[in-house]
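Every number here is computed from the coordinates shown, using simple stated rules; none is lab data. Remember, it's a predicted structure, so these values are computed and weren't measured experimentally. Cβ placement follows ideal geometry from the backbone for every residue including glycine, while neighbour counts extend to all protein chains displayed.
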Amino acid sequence: MPQPPQTPQTLPTPTNTLHQDDADYCWHPFTQAKTAKQALALVRGENEFLYDQNGNKYFDAVSSWWVNIHGHCNPHIAGAIAHQAHTMEHVMFAGITHPPAVELAKRLIAKAPKSMGKVFYSDNGSTAIEVALKMAFQYWNNKAEPRKGLIALRGGYHGDTFGAMSAGRSSGFYDPFTPWLFDVDFIDTGVCACTEDAALAQLQNLLDKAPGHYAAVILEPLVQGASGMIMMRPDHVSKIASTCRQAGMLVIYDEVMTGFGRTGTLFASEQLTEAGQPDMICISKGLTGGFMPMAATLATDAIYNAFWSDDVNKALLHGHSYTANPLGCAAALASLELFDDPRTWQQIQMLEDTHRKWLPTLACHPCLNNPRVQGTIAAFEFKSQNAAYGSSNSQWIREAFLEHGILVRPLGNTMYWIPPYCTSENTLNWAYEVLLKVLEDWKSKENSNNSEAKPINTELF
Ligand SMILES: Cc1ncc(COP(=O)(O)O)c(C=O)c1O
C-alpha cells in the first residue's frame, strides 16, 4: 500500500503571469538569470516573423539560433509532422527500422558530397559532433592503429557536450569545465589570404612533430559561426583538409550551421575542391527546417567498413532514445522537398544579392568594421572602445534592434543577419535601414560611454 506523505503536500502557489512562472520554473541557456532582462514572451510564428501575446511582430533575423530555414510554421513541414504523428510518432532505432529514417538517409546521401556513404542519426549539433569524434577515434582503434590526437581551428565552436567542448575549447565559452576537457591542438583559422599560409604552416608543424598521432581534424567549413561569423576562403579550407588527409587523418566537417543552404549551396563542402572533401559531415539545425531537434553524422563507407566485424566491441556502441525519431525524419524530408523547389534557391540568391547590395554602404560606415557576406549570412563588427567578447555591447545592440521589432543575437560586437529563406526582400532592406538608425544611437552611446557605469552582460552566444 502506498503510504501517505509525512508532511501535508502543498500545491504550488498559483501564479498569474507567464513571466513570473518563467522566473519560478525555467532555467534559460547561456543566461545569467540574476541580472538578465525579462525574457521576451512569444506565442506565434509565421514566415520570417514571430509575434508576442499583444500582437507585436518581430523579424527573426537570426532564424532562431540559425535553425529556421523555410520560415516559422511552414505549412508543408507542419503537415508532414502531423501526418507522421498520426502514423507512428516514435520507435527505437536499435533492431528496428522505419520508412522515414530510411528515406531520409537515402536522400541525404544522394544530396551530400559524393564521399558520404552512411547516416548515423542523433539529436542535436553537439551529439552529431560527439558521434563524429567517437567514430574517428574508434576507427583507428578498430584498425589496430590507435591515434589519440585531434586538430581543430582556433575559435571554432562545436557544441556543449564534453567532446564538442574539447574541440571548441579555444572559443572561450568553457572556462569552468577546462579541467575535464581532453587535449586538442589548435591552428589559426586563416581568415584572409595573408594569414592562411601561417595557419597552414602551424598545421604542418604539428603533423611533422607527431607523425601518426592525429586521428582527425574538425572544422566549420567556410564560416565559423559562434566565434563571430568568421569567414574562410574555400581554397584555404580545402588545403587544410588535403594536408590532413595526406597525413592519413580523417576530415570532419561541422556543417551544423553551414548546412542546408546557409552558405549558398546545400552543403558548404560543395564549394571545396575534390581533395577538400570530408570523411564525415555533422548536420543538425536546418536539417528539419527548424521544427524538430534532430541531427545526423554522415560518414564514408570506408569508415563504416572499419566497424563491420563479427566482434560486437568493434561496433559503434552509441545511441540515443530518440535516434531517428520519425517526426524529425518527416520534418527533414519535407524540408528537403522544399529545396527541390527552385523558388527556395531564388530566395537564397536574393538574400545574398541584397546583403551584397548593402556591402558598400556598410564598408564606408564610420561605426562598422569588416562587413562580409557568405551566401545568406552577412556579418560586421560594431566599432567600440569596449570590444571584449563578454562586454555589454551585445546586449545593447540586441535591445536597440528589439525596439524596432527585430530579433538579433550579436556575438560580442559582431552583428549578423542569418534570416529564414522565406524572408522578403522588403523585410531585409527594412532591417538594413533599421541598422543605419541603430548606428546613429550607437555613435552617441560610444561618445558618452567612458564615464558611465557599464551594465553587466547577462548573455553569451
Ligand atoms: C557549428 C556548430 N556546431 C555545433 C553546434 C551545437 O549544436 P547544438 O546547439 O544543437 O547542440 C552549434 C550550435 O550553435 C554550431 O553552431
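By the helix-only formula, in which each DSSP H run with n ≥ 4 contributes -39500 (n - 2.57) and the sum is divided by residues, the chain has a 222 nm mean residue ellipticity of -11500 deg cm²/dmol. Note that region 264-272 has calculated 3J(HN,Hα) couplings of x, 10, 4, 10, 4, 4, 4, 8, 9 Hz, one per residue in order, obtained from phi through the Karplus relation 6.51 cos²θ - 1.76 cosθ + 1.60 (θ = phi - 60°); glycine and proline are x.
Sorted ascending by nearby beta carbons within 10 Å, beginning with the fewest, Cys282, Cys329 become Cys329, Cys282.
About its Cα centre, the dipole of region 376-437 is roughly 140 debye, where the only charges are +1 on Lys and Arg Cβ and -1 on Asp and Glu Cβ. Highest-first packing order for the peptide set 422-432, 160-170, 120-130 is 120-130, 160-170, 422-432, based on the mean count of other beta carbon atoms within 10 Å. Annotation: peptides 197-205, 26-34, ranked by per-residue average of other Cβ atoms within 10 Å with the highest first, follow the order 197-205, 26-34.
Convex hull over the Cα atoms of region 77-339, averaged projected area in nm²? Can you show the working numbers first?
On the way: hull surface 54.9 nm².
Result: a mean projected hull area of 13.7 nm².
Using only Cα coordinates, the Kirkwood hydrodynamic radius of the chain works out to 23.6 Å. Once the convex hull of all Cα atoms in region 295-356 is built, its volume per residue stands at 155 Å³. Summary of packing: across the peptides 251-261, 172-182, the per-residue average of other C-beta atoms within 10 Å ranks them, highest first, as 251-261, 172-182. Taking a Cβ cut-off of under 12 Å around Cys329, the surrounding Lys, Arg, Asp and Glu residues balance to a net charge of 0, with basic ones at +1 and acidic ones at -1.
Of all lysines in the structure, the ones whose alpha carbon falls short of 22 Å from that of Lys383, not counting any fewer than 8 places away in one chain, are Lys357, Lys437, Lys443, Lys445, Lys454. Positive-end ranking of Leu42, Thr97, Phe30 along the dipole of region 29-185, with charges on Cβ about the Cα centre, is headed by Thr97.
Lysine pair count for region 77-339 with Cα-Cα distance under 16 Å and sequence separation of 8 or more or different chains is 8. Within the chain, antiparallel bridges make up roughly 65 percent of the DSSP beta bridges whose residues both belong there.
Shown in residue order for region 28-45 are the 3J(HN,Hα) couplings computed by the Karplus curve 6.51 cos²θ - 1.76 cosθ + 1.60 at θ = phi - 60°: 8, x, 6, 9, 8, 4, 4, 10, 5, 5, 4, 5, 6, 8, 10, 10, 7, x Hz (x for Gly and Pro).
Taking the Cα centre of region 77-339 as origin, work out the dipole magnitude from +1 charges on Lys and Arg Cβ and -1 charges on Asp and Glu Cβ, in debye rounded to 20.
Working: 18 positive and 24 negative charges, 43 e Å.
It comes to approximately 200 debye.
The coefficient of translational diffusion for region 176-302, derived via Stokes-Einstein from the alpha carbon Kirkwood radius under 37 °C and 0.692 mPa s, stands at 213 µm²/s.
Cβ crowding within 10 Å ranks Ile81, Ile303 as Ile81, Ile303, fewest other Cβ atoms first.
Taking the Cα centre of the chain as origin, work out the dipole magnitude from +1 charges on Lys and Arg Cβ and -1 charges on Asp and Glu Cβ, in debye rounded to 20.
Value, rounded to 20: 400 debye.
Its relative contact order, with pairs defined as Cα atoms under 8 Å and 6+ residues apart, puts the chain at 21 percent.
In region 77-339, a dipole from Cβ-located charges (positive for Lys and Arg, negative for Asp and Glu) runs towards its positive end, and of Gly155, Ala324, Val237 it is Ala324 whose Cα lies farthest in that direction.
Identify, among Ala247, Ile281, Ala306, the residue whose Cα sits farthest towards the positive end of the charge dipole of region 77-339, taking +1 on the Cβ of Lys and Arg and -1 on the Cβ of Asp and Glu, with the dipole about the Cα centre. The residue sitting most towards the positive pole is Ala306.
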